[in-house]
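These notes are about the structure you will find just below.
Since every read-out is calculated from the coordinates, none of them should be taken as a lab result. Note that the structure is a prediction, hence the values are computed from the model and not measured. For neighbour counting, all protein chains shown are included, and Cβ atoms are generated from backbone atoms with ideal geometry for every residue, glycine included.
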Amino acid sequence: MHTRHSVAALITLLVTTSTLAAQDVQYIRAIERAQQQRPTTLSHVGRIAAATEPGSPLVVRGQLLNMDGSPAAGTVIFAYQTDRGGVYDKPENGPHSWRLRGWVKAGPDGRFTFQTIRPGSYPNSNNPPHVHFTAFLPTGERYHAGELQLSLTAPAATANPEEAAITLKVEVRQKF
């Protein structure tokens, strides 16, 4: 009986691991496709959502640091998020398709700014609204750089856009 449970657990682990590996491959391919569409000229200020995108304006100010804590100057930062309804893209566009996405190049002090809208939480979810970041170092290395999580409750509407700040750090374990 114990052997049967161990074999079942091993099969489950192998199936789960192969599924996760397949998802990672799909994600990496999607990142590579997105990078092929990256503008040739970047500054430290960029947009994720077009100014005409429905939703509450959001300004994200950040700084990217290297592993040693120094500013990651010249690093390209790719960001993507959901729309105000919590959806990344139309279902027919497949997994890892990000309609709202943008790029910046970190300034000499590692700082960057994205103008966008407040993302929505995933439909039927209490997952906080968030913005994903990926760093592409000048060496060609790429890292998951983290995500900015916002509160589920949006602030009261004002004449000024909501502002959020984040410090991202390149970490060895996040290299892909």
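Figures for the structure shown
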item	result
Candidates 33, 61, 47, ranked by Gaussian network fluctuation over the chain, Cα under 10 Å, top entry	33
Phi-based couplings in Hz for segment 77-94 (Karplus 6.51, -1.76, 1.60; Gly and Pro marked x)	10, 9, 10, 8, 7, 7, 7, 5, x, x, 10, 6, 6, 5, x, 5, 7, x
Phi to ³J(HN,Hα) by Karplus 6.51 cos²θ - 1.76 cosθ + 1.60 over segment 153-159, Hz, x for Gly, Pro	9, 6, x, 4, 5, 9, 6
Max mean-square fluctuation residue, GNM over the chain, Cα-Cα springs under 10 Å, options 85, 107, 46	85
Rel. contact order, % - alpha carbon contacts under 8 angstrom, at least six apart, the chain	26 percent
Area projected by the alpha carbon convex hull of segment 46-176, averaged over all directions, nm²	8.6 nm²
Added length on full extension, which subtracts the Cα-Cα distance from 0.36 nm per residue, residue 113 to residue 30	27.5 nm
Gain in span if fully extended, residue 141 to residue 73, counting 0.36 nm per residue against the direct Cα distance	23.1 nm
Computed FRET value (nearest 0.05) for residue 99 with residue 159, which takes r as the C-beta separation and R₀ as 30 Å	0.65
Computed magnitude of the charge dipole of the chain (debye, nearest 20; Cβ of K, R +1, Cβ of D, E -1)	200 debye
Spatially proximal aspartates and glutamates relative to residue 105 (Cα-Cα < 16 Å; intrachain offsets below 8 disregarded)	141
For residue 42, residues with placed amide H under 5 Å, excluding near neighbours	none
Exposure proxy order (Cβ contacts within 10 Å, fewest to most) of 113, 82, 139	139, 113, 82
The chain: angle of helix 2-36 to the longest principal axis, Cα-based, in degrees nearest 10	30 degrees
